[in-house]
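Following: one structure in structure tokens, then a few remarks.
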Amino acid sequence: MTTLNPAHPVRRKPKPPQQGKRPQRHYSAIPGETPGALPWRALKSVILLVCVILVVLPFLAIISTSVADSAQVTEAGGYVLWPDNITFDSYSALLSGGLVSQAMLVSVGVTVVGTALSLVCSIFLAYGLSRPGSFGHKPVLMLLLMSMLFVPGVIPSYLMVKQLGLINSYWSLILPGVINAFNVIVLRSFFMGLPQELIDAARIDGASEMKILLRIVLPLSKASVAVIGLFYAVTYWNAFFNAMLYMNDTAKWPMQMVLRTYVVNNAQLSGGQVDVAAGAAIPPVQSLQAAILMLSIVPIVLIYPFLQRHMNKGVMVGAVKG
């Protein structure tokens, strides 16, 4: 009779699998994904598709209404989702009238001059604040940070612009926002992240601070400068509040002020602001409003693809890194 030793338990052989039965396997469309994730992925796809449709449909309606003929817009009672006959009578009437074309020139001029001036001032200020031994480094930085927390009111800003004699001047659309504290802080963070050895080596070789900025710092900061430039350009192009405060002459209105007056406030365009051919009818109000809206969007939409590749890198410059 054999005795069992508790220290050495008896090992039992595993049972062979029964014939005719195979182990169940769960298959998934994506390797390594559980079957329960497929319904969730389908739900997310449906939600994303709905969001895309909600975003695309308004743009499609605006574009279609701006190029649809008068008969179709009148028959639809407003906006058209898909035009039957494409015509550019609304754009021709607006640009030939003088008001919209002049506003486009004003917006383009203010955006180009303002963006260039803002970039120059922001780059010089950010580079000076990025050098720890620069004169007035800490006081100027504190003033810059305080300007982000304490914003002057409308009345003090208006009185300042009036005292400077900038009422009804194009400079009133540029100078009040020439420096944005957030953009300067982002540029300063990027400049401080550049290798200090490069700057020290250039300084040892006898390069001045201006040459270091132009030859070393700026070539390494193209992504950040491009994104900050895009931020300034969008700000200048979309600004209408300064024009509403400081511009009394409608001939000096920027495009966004025209958009606010004749689209948001639904004001009627007079005969002198819309020019049509002899014997032709004025396009419907909806077509004119859609054309104004498209003219105010297209310039920035055309510029963005050229700077899109710099957006991720430039925006993450000022992020908190863990």
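The values are calculated or read from the model by the stated rules, or taken from the named source; none is laboratory data. What you are looking at is a predicted structure, and each value in this text was computed from that prediction instead of being measured. Reconstructed Cβ throughout: ideal geometry from the backbone, glycine too, with neighbour counts over all protein chains shown.
For the reader, a short list of remarks on this structure follows.
- Residue in the stretch 216-224 that is out of contact with any Leu (no Cβ under 9 Å at 6 or more places or on another chain), touching a residue at least 60 places away in the same chain (Cβ under 8 Å) and among the charged types (D, E, K, R) present: yes
- Pairs with Cβ under 6 Å, 6+ apart, first in the stretch 145-161 and more than 16 Å from L175 (Cα to Cα), second surrounded by 12 or more Cβ atoms within 10 Å (Cβ to Cβ): M148/A181
- Qualifying residue in the stretch 198-210 (condition: in the same structural domain as A116 (by TED's automatic domain parsing), basic (K, R) and buried (at least 18 other Cβ atoms within 10 Å of the Cβ)): no
- Index of the failed condition, G133 passing every other in (1) more than 30 Å from A251 (Cα to Cα); (2) assigned to a helix (DSSP H, G or I); (3) assigned by TED's automatic domain parsing to the domain that holds V186: (2)
- Lone unmet requirement of (1) surrounded by 14 or more Cβ atoms within 10 Å (Cβ to Cβ); (2) not assigned by TED's automatic domain parsing to the domain that holds M294 for P58: (1)
- Any hit, the stretch 85-97, residues being closer than 17 Å to M294 by Cα, part of a helix (DSSP H, G or I) and at pLDDT 85 or above: no
- Residue check, Y262 under 26 Å from the mean Cα position of the chain (by Cα), crowded, with 19+ Cβ neighbours inside 10 Å, modelled with pLDDT under 85 and assigned by TED's automatic domain parsing to the domain that holds L173: yes
- Selection within the stretch 61-73: residues that are of a type in the set (A, V, I, L, M) and over 23 Å from the mean Cα position of the chain (by Cα). The member of this set that is surrounded by the fewest Cβ atoms within 10 Å (Cβ to Cβ) is A71.
- Which listed residue, of V234, V227, V298, V276, is of a type in the set (A, V, I, L, M, F, W, C), crowded, with 21+ Cβ neighbours inside 10 Å and either modelled with pLDDT of 85 or more or more than 28 Å from G165 (Cα to Cα) (or both): V227
- When A93, A76, A103 are checked against the criterion of being surrounded by fewer than 21 Cβ atoms within 10 Å (Cβ to Cβ) and not acidic (D, E), A76 stands alone in meeting it.
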